[in-house]
Amino acid sequence: MVGGPTNFREVIANSFERRVMRNPRYSLRAFAKYLDIDVASLSKILNGKRTIGLRLSKRLGAKLGLEPSEVDFYYKKSRCGYKPQKSDQKEYEQVAEDHFKIISDWHHFAILELISTKDFKPQINWISKRLQISPTAVSMAIKRLQSLGMVKVEGLNLVDDTSGFQSCLPKSRSTLAYKNHQLQLLDKAKSALELVPLAQRDQTGVMMAVNSEQLGLARKEIQKFRRRIDKILSLKQKSKDEVYQLCISFFPLTTRY
């Protein structure tokens, strides 16, 4: 299962796949034991041969670290499917919570950015090689973006239909979808540290003692910096050839007992 989940079965499948990616020896039996469910039932759920009731959804959701609102969201989509209405699409820029749950995996936004590069080719295998993800992941991501009205196919071309929408941050940053999104970006940053030549990246930091009452000011300044870099390197550029990710982590190293 690839791409952001749209129902509870996909949530479970995505969680299992992430565990297998971290440990190729991780088994379905081990996952079933963690979820406190028999392996046969779990297999039927993942294969779409068993429905997930509300009680089981709540129990599995708690095991997977979902918030009650997320359990309710995925449970409802599991029962009736997800068909975005036109009003959903119009309000995406203001209310991105439900959509973000569906496209929270990093490569959805990377595809949107890749479309604007000068040598872009609307071909599954080409996108797959450029982003180093599977063709299946690309295909499913494009379908999800289409379903939300964020990309459209015009002839042989794939077109970004977001009207220049730039932010992928949901209003709430404590949801499982947002946390997973940030964890994926941190993993990409770690990989870049090992694999990307220094001339093609910049990974630096500064450690400081601060007045914690000024954290609100720090957030505002970080936001201004992000948007300024975006404007300089992306919005004002007509000849773009690569997709980059700017990650900023500002967090305490000390604790109070």
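The values are calculated or read from the model by the stated rules, or taken from the named source; none is laboratory data. Model, not experiment: these values are computed from the prediction. Glycine also receives a Cβ, built like all others from the backbone with ideal geometry; neighbour counts cover every protein chain displayed.
The table below gives the values:
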item	result
Counted residues, the range 108-129 - those being without any contact (Cβ under 8 Å) to a residue 40 or more places away in the chain and not β-branched (Val, Ile, Thr)	8
Restricting the range 226-257 to residues that are under 21 Å from the mean Cα position of the chain (by Cα) and among the hydrophobic types (A, V, I, L, M, F, W, C), the residue that is nearest to Met208 (Cα to Cα)	Phe250
Filtered residues of the range 184-195 (kept if free of Cβ contacts under 8 Å to residues at least 60 places away in the same chain and surrounded by 12 or more Cβ atoms within 10 Å (Cβ to Cβ))	Asp187, Ala189, Ala192
Residue list for the range 129-152, restricted to those being over 25 Å from Gln237 (Cβ atoms) and either assigned to a helix (DSSP H, G or I) or of a type in the set (A, V, I, L, M, F, W, C) (or both)	Pro135, Thr136, Ala137, Ser139, Met140, Lys143, Arg144, Gln146, Ser147, Leu148
Close pairs (6 angstrom Cβ cut-off, 6 or more residues apart or separate chains): over 24 Å from Val206 (Cα atoms) in the range 230-251, not in a loop (DSSP other than H, G, I, E, B) anywhere	Val243/Ala110; Val243/Glu113; Val243/Leu114
Pairs with Cβ under 8 Å, 6+ apart, first in the range 29-49 and over 14 Å from Ser15 (Cα atoms), second assigned to a loop (DSSP other than H, G, I, E, B)	Ser41/Arg50; Lys44/Arg50
Top-ranked residue of the range 97-128 - restricted to ones that are assigned to a helix (DSSP H, G or I) and of a type in the set (D, E, K, R), ranked as modelled with the highest pLDDT	Glu113
In the range 214-257, residue surrounded by the fewest Cβ atoms within 10 Å (Cβ to Cβ) [restricted to those that are of a type in the set (Gly, Ala, Ser) and under 30 Å from Ile127 (Cα atoms)]	Ser239
Residues located in the range 196-211, provided they are under 17 Å from Ser249 (Cβ atoms) and loosely packed, with under 10 Cβ neighbours inside 10 Å	Asp202, Thr204, Gly205, Val206, Met207, Met208
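Residue by residue, here is whether (1) assigned to a helix (DSSP H, G or I); (2) at negative phi; (3) modelled with pLDDT under 85; (4) surrounded by fewer than 17 Cβ atoms within 10 Å (Cβ to Cβ) holds:
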residue: Met21; (1), (2), (3), (4): yes, yes, yes, yes
residue: Pro24; (1), (2), (3), (4): no, yes, yes, yes
residue: Ala40; (1), (2), (3), (4): yes, yes, no, yes
residue: Leu60; (1), (2), (3), (4): yes, yes, no, no
residue: Tyr75; (1), (2), (3), (4): yes, yes, yes, no
residue: Gln89; (1), (2), (3), (4): yes, yes, yes, yes
